[in-house]
Each structure stands twice: as C-alpha cells, then as structure tokens.
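The values are calculated or read from the model by the stated rules, or taken from the named source; none is laboratory data. Quick caveat: nothing in here was measured; it's all calculated off a predicted structure. We place every Cβ from the backbone using ideal geometry, glycine too, and count neighbours over all the protein chains shown.
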Amino acid sequence: MTAGHYGPYGGRFVPEALTAALDELDAAFRVAKDDAEFQAELRDLEHNYTGRPNPLTFAKRFSEHCGGARVYLKREDLNHTGSHKINNVLGQALLTKRMGKTRVIAETGAGQHGVATATAAALFGLDCTVYMGLEDTRRQALNVARMKLLGAEVIAVTAGSQTLKDAINEAMRDWVASVDSTHYVLGTVTGPAPFPEMVRYFHSVIGREAREQILKAEGRLPDAVVACVGGGSNAMGLFSGFIDDADVILRGYEAGGDGVETGRHASRFSGGSPGVLHGARTYVLQDEWGQTLPSHSISAGLDYPGVGPEHAWMHDTGRASYESITDAEAMEAFALLSRTEGIIPAIESAHGLAGAMRIGKELGPDAVIIVNLSGRGDKDVATAARWFDIDLGGTVASELSPEMREGR
Amino acid sequence: MTAHVATVFAKAAAENRAALIGYLPAGFPTPEISVRLINAMVDAGVDIIEVGLPYSDPLMDGPVIQQAVNEALAAGTTTDEVISVVRQITDAGATSVVMSYWNPIERYGVQKFAAALNAAGGSGVIAPDLSPEEGADWAAAAKAHDIDRIFMVAPSSTDARIAEIVTHASGFVYAASTMGVTGARTSVGGAASGLVARTRQFTALPIAVGLGVSTADQATEVAAYADGVIVGSAFVRRVLDADSASAAISAVGDLARELANGVRRL
C-alpha cells in the first residue's frame, strides 16, 4: 500500500496547482512527527491550553439505558473550545508556523472546527478565514459569533447545498489562489493525502488517553469503542488507540437523518458507494452519474456526503462497522444524557450515544463500552429547543398555583 | 474521422500561429442549444472544442463556470448526453476534447468512458483533479481507445514534477497561467511564459495556456510563446449575458472571431 492510500481509498485527487503545497505539508508533518521540540510544544499546548488529559467519565445512570453495559464517556467536550477539533487544529497551526505561512483558512459545518481554527489563529497571530455554508451559519449562529469575536473572517457560502460540502469547495478555491501564504487547516480525516493520516495523528491523543484510563478504571480493555462519524476525525482519534486490539469492537455511527430509506440522510456506507470527492477516493453519496447527492442531518457536523478514506477501508476489511442513527434516535439520546448525567452533548456526539444505547443492548450487562463525547451541546440549544418544543420563557411565578408558590 | 489534437496543433504551427481552444459545458444552457453554441465557435475559427462535463462540485472553477454547470445539471445533462454532444461536434467536422472532474468518469467506468468517447470521435480528456499517480487505470484505458491524456502543469509545479507529468501526457500539455480557479482576469499571469518555457525543456508536445484568457489582446500575448490558447469563462459569460439563444449564439461567434484574429495577429 503506497503512502496516503488505504486499500483502494484515499490518495490525492486535486488540481496540480496544489501538489507542491501538499508535498510541502507532507514533508513538514514527517519532520515534526520525529522532532522532539515539536512534540514538546504540542504536549505543552495540549496540557496547558486545551486542558488535557480530559477525564473518562463512568456514566452510571445513562448506563441503565444501555442494556446494563458499563458506558464510559471520553470527555472531549471538556476541551477548550468545547470539542475534539482543537487537537488537530493546534497541531496544524504549529505546522503553519513552521512552514512560514501567515494565514489559515478552514471549512466548518457545525462551526466547532471553525471556532477551533479561529482560536488557534488568535493564539498564534495568524490571519484566519472560515468558510461556512449559509444554511449552517443559520443553524449554528452562536459559533459564527464566536469566530468573529476571535477575529476571524466568516464567509457564508451560497453555492450548492450551502452546507459543509460547499464550504470545502470554496476553501479549496481560496487555497489554490493563496497557497504561497496560506495553509488550509482541513478539519477532518478526509481530503487529499496527507490530511487523513495527519488529522488522525493529531487526534490519536484521544485513543491513547482513553486506553490508559479504561485499563486503570476497569483493569481490562473495553468490549467496544464507539463514536459518531461525519468525516470521522473524532472516531479515528478514539479508534486509533484500540485498532491493534483485535477483540475490541470499533463501531461508527453515521447520521441517518429522516431514515436511510427516505433518501434524506448522511449514511455513506449504507446509502453511498465508492467514488472520489474532495481529493480522496472513499464512500460518497452520489447518483448513477457520479454527481454528489445532498446529505441530510439534524447535525450540521455530520451533514456531509463523504467520509474519511481510512473508515472506508476499515469498513471493507471489517475491522470497523458502521450503522445509522436517525435524527429522532440521536435527539432521544441527547435528552437522556442531559437528564441522567447532567451533560448536554453536541448533537453530533448524541449519535454516538444513541449507538452506545444500541450496542449496549447487543453486548449485555457485562460489557464495557467507551463512547466519544466529542463535543458539548451549547451550540445546539436552539435546535434542541425547537425539536423538543421547549418554551424559552421561564414559568412566571404569579401563574403558579398557590400550593406551588408556597413550596408545597 | 476528425483530426486528432496533434494534427490540429501541427496545422496551426504550419500557419505560424497558435491553436485556439474554446470551452463550453455540454448541456449549457440546454443540450440542444449547447451544440448550436459550439458549432458557432467552430464556424468562427475555434480549432479545438473543450467540452465541459458538468459536475456538482467543480472546485477548480470560479463563479461563472459554476453557474453554467449548475444550469446544465438542472437541465438534466448526463454523461451520456455529454458523449452525444461530442458526437454532434464530430459530425460537424470539428475536433473536441472533454474536460471532466474525475468522479463522473470513474463512476461511468474508465474503460467504458474511453470506448464511448472514442466511438463518438472525441480526441482527448482533461481531468484537472486526476494526477498521473492516480491515473494508471485511466492511462491504460485511454491508450487502448486512442484517447489523449491531457495533464495540467501549474506555476507551483517544480521542474522535477513537470518532467514527470509530461511523460504521462499526450496530445498537448495544459499550462495553468496563474494560481487560481477559472475566470476572466485583467491580465494573464506573468508566470505563464516562464511555465511554458520550463515545460518545453522536458517535452516536444504542444503546450496550451489556459485560465484567465478572455480577450483578443490576451490571446495575441499568449500566442507569442504558447502553442495553444484556451478560453473558457469568457465564452460562458457571453452566454450568461445574452437574453436569447440566438443572441448567445451570435455573441459566442463574435468572441470566437475576435480570439481567432488574436492568435493570428503576430
């Protein structure tokens, strides 16, 4: 298998104008991986800026809804900026400095990667432009405001479906014209080589920590590690810690939207086929002519028609398996975690939680499961309020019955 | 049987001028009108037609071509329709190549696509997101069906990279004038002449310059150092700006005549 390929998947399908920049990035990444100074800088940032290691929390009350399996949450939601995305961004920002570039660009769906990139740009004094589909800027208005507060320029993309796919197209167009001064901080384990390998590498800290923590807590490896899969970076980060442990089940949960049978979903493995999108060969939602089909999900971060090529390869080899979680199942898990553990998860992560509920029932009460709680749900409060039809006003005291007012 | 691109370049060289290559997407604004537009380009002196295969994610294209391919897709243009447009160009006696992002060709089947294109009289394929490294299957299929493999070089390509790319190329080499996406520019990048000179060190193939060329003066400027001049967005712009099919056909013909004069004005 040649570098950058995972079986038939991965590779580098980009305009020639980007080849030199990808070669430069690849070289800088390989030097940095073996450079003690780079590693020390990255570890220092992870520890003192991101707040790593984050905990592995045993979710006792949530576990009761998972067939009695013991479910642990890897708390990426507690990272600075509120999701796993910061792990990758700090690594790439360090590489940007090393390559002598002064500007970063990024695509974002839910806004978490955009916020993380804007954060790192502020920290390192880099100019920052974030591309975000217009539809997503509406769904995730809070994150748009955060990026702007951090000093980034946010460009709402009006082309195509106005979501993550189109934001990537626009970021690529920017990059082709600006590549001398600009690094494209791609936010997930897809795109042209070396991005899938490099982004996995920067997220592998998730799996490393989780492995050590579960061995300490349970004295053994878990039966299954599960995560939501959009592009698949949080899953790849967690899986990487267990990939060589053949007995550990690796399971990814794709967005099922309204249900795979409705055609309105983002389930590439059950509803897509191998193709080339955004620089890599992988599973893609496409029609019979190879035109990309729009994806659908309540979760902006999973609303993407492609998936990381290493996931595609693990799917084909059977090392990992992938299932769909509908919007309704994800929102049920969202509410359940909030009420049983006092943790409001990102809707993306709620797909992994719904998966834990499903696989827990399959594996039974002795099972140990780790689910990646990849992000926190603050950004999703408005979406959740609409879903659950929550009245955003407080209950007015004078409207309470006399008994309640008196606390009876 | 229409002339292969090599023959067209040789004929232009014999006339001591650069070849003129004009791009329009098949199916834009509809399949039927796109053929009439292309015929107008041929009649007005375009030597090679670059037929665009509309794709949902044209990440190397600027807003003008994006709009055109969106219209073509909305009109229901499929890969079979593109092949049909190529056949009609062939029937009109002109030489054509297809410009397509890679996924539609892979989805169609590389062997099947190469065979269908050959049967329709198409001469070559430009796939801007397919590198020689990823293109081994394509090279075999294209060779088997006598389809030219037109690869791009860019200002950022190193000499070593150019030397490698041209060993995989046939027909001609597409030199991207600037670092950027398609679209008219007020000046063709200064990097273009240097890139053509660097590429010539490694190949005897004709070299055509594209990206940003839109006027007769720019065509003249590029024709001074390149073997071919490629114009795309400017043709699309004329169609988008026209208020009827007949106005679009006459506007495209006018531009083609200006550019054809441009490549002859030395």
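Evaluate the following for residue B:51: is it in a helix (DSSP H, G or I), more than 24 Å from residue A:274 (Cα to Cα) and in contact with a helix residue (DSSP H, G or I) (Cβ under 8 Å, 6 or more places away or on another chain)?
No.
Please specify each residue of the stretch A:127-163 satisfying the condition of being within 14 Å of another protein chain (Cβ to nearest Cβ) and surrounded by fewer than 16 Cβ atoms within 10 Å (Cβ to Cβ).
Scanning the stretch A:127-163 gives a single hit, A:158.
Check the stretch B:117-125 and report whether any residue there is surrounded by 24 or more Cβ atoms within 10 Å (Cβ to Cβ), assigned to a helix (DSSP H, G or I) and without any contact (Cβ under 8 Å) to a residue 60 or more places away in the chain.
Yes, there is a match, as at least one residue in the stretch B:117-125 is surrounded by 24 or more Cβ atoms within 10 Å (Cβ to Cβ), assigned to a helix (DSSP H, G or I) and without any contact (Cβ under 8 Å) to a residue 60 or more places away in the chain.
Of everything in the stretch B:113-125, what is within 14 Å of chain A (Cβ to nearest Cβ) and within 20 Å of residue B:174 (Cβ to Cβ)? Give them in sequence order.
B:113
Considering only the stretch A:329-361, state which residues are among the small types (Gly, Ala, Ser), in a helix (DSSP H, G or I) and more than 18 Å from the chain's Cα centre (by Cα).
Hits for the stretch A:329-361 are A:335, A:338, A:360.
If we scan the stretch B:134-151, do we find a residue that is surrounded by 24 or more Cβ atoms within 10 Å (Cβ to Cβ), closer than 30 Å to residue A:181 by Cα and among the charged types (D, E, K, R)?
no
Might you let me know whether the stretch A:35-55 holds any residue that is crowded, with 17+ Cβ neighbours inside 10 Å, in contact with a Phe, Trp or Tyr (Cβ under 6 Å, 6 or more places away or on another chain) and not charged (D, E, K, R)?
No, the conditions are met nowhere in the stretch A:35-55.
With the structure loaded, tell me whether residue A:251 is away from chain B (no Cβ under 14 Å) and under 16 Å from the mean Cα position of the chain (by Cα) or whether it fails that test.
Here the answer is yes, as residue A:251 does meet what is asked.
Would you tally the residues in the stretch B:186-230 being of a type in the set (Asp, Glu) and either touching a Phe, Trp or Tyr at 6+ places or on another chain (Cβ under 6 Å) or buried (at least 17 other Cβ atoms within 10 Å of the Cβ) (or both)?
Number satisfying all stated conditions: 2.
Restricting to the stretch A:362-378, what's the tally of residues that are in a helix (DSSP H, G or I) and within 25 Å of residue A:215 (Cβ to Cβ)?
Selection size over the stretch A:362-378: 2.
If residue A:27 passes every condition in (1) away from every other protein chain (no Cβ under 14 Å); (2) surrounded by fewer than 22 Cβ atoms within 10 Å (Cβ to Cβ) but one, which one does it miss?
Checking residue A:27 against (1) away from every other protein chain (no Cβ under 14 Å); (2) surrounded by fewer than 22 Cβ atoms within 10 Å (Cβ to Cβ), the one that fails is (1).
Do any helices (runs of 4 or more DSSP H) lying entirely in the stretch A:1-118 carry at least 3 residues that are within 19 Å of residue A:183 (Cβ to Cβ) and not polar (S, T, N, Q), and which ones are they?
Here the list reads A:19-33, A:36-45, A:85-98.
Filter the stretch B:126-184 down to residues that are more than 13 Å from every other protein chain (Cβ to nearest Cβ) and of a type in the set (Asp, Glu), then give me how many there are.
The qualifying residues number 2.
So how many residues does the stretch A:325-343 have that are touching a strand residue (DSSP E or B) at 6+ places or on another chain (Cβ under 8 Å), within 15 Å of residue A:228 (Cβ to Cβ) and surrounded by fewer than 21 Cβ atoms within 10 Å (Cβ to Cβ)?
So the answer is 1.
Taking residue B:212, is it in a loop (DSSP other than H, G, I, E, B), on the phi > 0 side of the Ramachandran plot and more than 9 Å from chain A (Cβ to nearest Cβ)?
yes
With respect to the numbered conditions (1) crowded, with 19+ Cβ neighbours inside 10 Å; (2) in contact (Cβ under 8 Å) with a residue 40 or more places away in the chain, which one is the sole condition not fulfilled by residue A:79?
(2)
Please indicate, with yes or no, whether at least one residue in the stretch A:197-219 is assigned to a loop (DSSP other than H, G, I, E, B), away from chain B (no Cβ under 14 Å) and free of Cβ contacts under 8 Å to residues at least 40 places away in the same chain.
Yes: the stretch A:197-219 contains one or more residues that are assigned to a loop (DSSP other than H, G, I, E, B), away from chain B (no Cβ under 14 Å) and free of Cβ contacts under 8 Å to residues at least 40 places away in the same chain.
Any residue in the stretch A:288-308 that is without any contact (Cβ under 8 Å) to a residue 40 or more places away in the chain sitting within a Cβ distance under 6 Å of a residue that is among the hydrophobic types (A, V, I, L, M, F, W, C)? List the pairs, counting only those 6 or more apart or interchain.
Hits for this filter: A:293/A:285.
Name the residues in the stretch A:222-256 that are assigned to a loop (DSSP other than H, G, I, E, B) and either among the aromatic types (Phe, Trp, Tyr) or in contact with a Pro (Cβ under 8 Å, 6 or more places away or on another chain) (or both), would you?
Once the filter is applied, which keeps residues that are assigned to a loop (DSSP other than H, G, I, E, B) and either among the aromatic types (Phe, Trp, Tyr) or in contact with a Pro (Cβ under 8 Å, 6 or more places away or on another chain) (or both), the stretch A:222-256 yields A:242, A:248.
Considering only residues of the stretch A:166-179 that are assigned to a helix (DSSP H, G or I) and within 7 Å of chain B (Cβ to nearest Cβ), which is farthest from the chain's Cα centre (by Cα)?
A:177
Do we have any residue at all in the stretch B:67-84 that's at the interface with chain A (Cβ under 8 Å from one of its Cβ atoms) and within 18 Å of the chain's Cα centre (by Cα)?
Checked the stretch B:67-84: at least one residue is at the interface with chain A (Cβ under 8 Å from one of its Cβ atoms) and within 18 Å of the chain's Cα centre (by Cα).
Conditions first: (1) buried (at least 24 other Cβ atoms within 10 Å of the Cβ); (2) modelled with pLDDT under 95. Residue A:391 passes all but one, so which condition is the exception?
Condition not satisfied by residue A:391: (1).
All but one of (1) assigned to a helix (DSSP H, G or I); (2) among the hydroxyl-bearing types (Ser, Thr, Tyr); (3) buried (at least 24 other Cβ atoms within 10 Å of the Cβ) hold for residue A:190; which doesn't?
(1)
Scan the stretch B:143-152 and give yes if some residue there is under 26 Å from residue B:207 (Cβ atoms), free of Cβ contacts under 8 Å to residues at least 12 places away in the same chain and part of a helix (DSSP H, G or I), otherwise no.
yes
Which residues, counting only those in the stretch A:282-305, are part of a loop (DSSP other than H, G, I, E, B) and within 11 Å of another protein chain (Cβ to nearest Cβ)?
Within the stretch A:282-305, A:285, A:287, A:288, A:289, A:290, A:291, A:293, A:294, A:305 meet the criteria.
Look through A:102, A:81 and report the one residue that is under 18 Å from residue A:343 (Cβ atoms) and among the polar types (S, T, N, Q).
A:81
Select from the stretch B:91-112 the residues that are of a type outside the set (A, V, I, L, M) and more than 15 Å from residue B:125 (Cβ to Cβ) and write down the one among them that is nearest to the other protein chains (Cβ to nearest Cβ).
Looking at the filtered set, the residue picked out is B:91.
Can you pull out the residues in the stretch B:158-209 that are part of a loop (DSSP other than H, G, I, E, B), of a type outside the set (Phe, Trp, Tyr) and over 20 Å from the mean Cα position of the chain (by Cα)?
B:158, B:186, B:190, B:201
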